[in-house]
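Step one of this worksheet: look at the structure below.
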Amino acid sequence: MSQLTITRREAATGPVLEIAGDLDYASAPELRDSLDGLALADGQLLILDLAGLDYCDSSGLTALLAARNLAAERSAHIALASVPADTMRILSLTGLDRVFPLHSDASTTDVSHYRAG
């Protein structure tokens with residue numbers, strides 16, 4: 001098992017959380033704690049960069065949904081970037097690949113895509 005690490009940085013579109021390691025029952029509260037202190041403004045895009053994610057279980061999926069709910073509460077947007085193949089399979093099986101916007105990497109996200117035209 002890999003220890004979860006969450007690195008926060010700012011992009012032009014909003015906050016980026018780089019999530020690496022195992023996102024599971026034991027570590028999902030760490031992601032929720034990171035979300036609690038997150039400054040996220042109306043119209044911003046929260047990017048969860050999963051390039052370093054080694055494992056994600058149902059508790060991890062629930063934490064990702066909590067991030068989505070937080071973005072919605074703050075009238076912001078969310079996207080998952082660099083989703084590993086194993087996690088993409090889980091997202092597809094659960095239908096969450098239709099709930100989250102998915103990007104090949106964090107640099108390909110553009111908040112204007114999420115604004116109503």
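What follows is calculated from the coordinates using simple rules that are stated; it is not laboratory data. From a predicted model like this one, the values you see are computed outputs, not experimental measurements. A quick note on method: Cβ atoms are made from the backbone with ideal geometry, for glycine too, and the neighbour counts reach across all protein chains shown.
Structure data summary
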read-out: In sequence order, calculated HN-Hα J values of segment 94-103 (Karplus, 6.51, -1.76, 1.60; Hz; x Gly/Pro); value: 8, x, 6, 5, 9, 8, 9, x, 10, 10
read-out: Distant-in-sequence amide H partners of Ala51 (H built 1.01 Å from N, under 5 Å); value: Ile19
read-out: Segment 4-18 residues near the modelled Ala26 label - backbone nitrogen below 12 Å, point 7 Å along Cα→Cβ; value: 4
read-out: Mean residue ellipticity (222 nm) of the chain, computed from DSSP H runs ≥ 4 via -39,500 (n - 2.57), nearest 500; value: -9000 deg cm²/dmol
read-out: Length-normalised contact order for the chain - Cα pairs under 8 Å, 6+ apart - percent; value: 25
read-out: DSSP beta bridges in the chain [antiparallel fraction, %, rounded to 5]; value: 35
read-out: Placed amide H near Ser2: partners under 5 Å, 5+ positions off or other chain; value: Asp22
read-out: Added length on full extension, which subtracts the Cα-Cα distance from 0.36 nm per residue, Thr62 to Ser107; value: 13.7 nm
read-out: Modelled label reach - Gln3, point 7 Å along Cα→Cβ, segment 48-63 residues with backbone N closer than 19 Å; value: 52-56
read-out: Cα-Cα pairs of the chain separated by more than 24 Å (percent); value: 16
read-out: Nonlocal amide H pairs with Gly14, under 5 Å, H built at 1.01 Å; value: Leu45
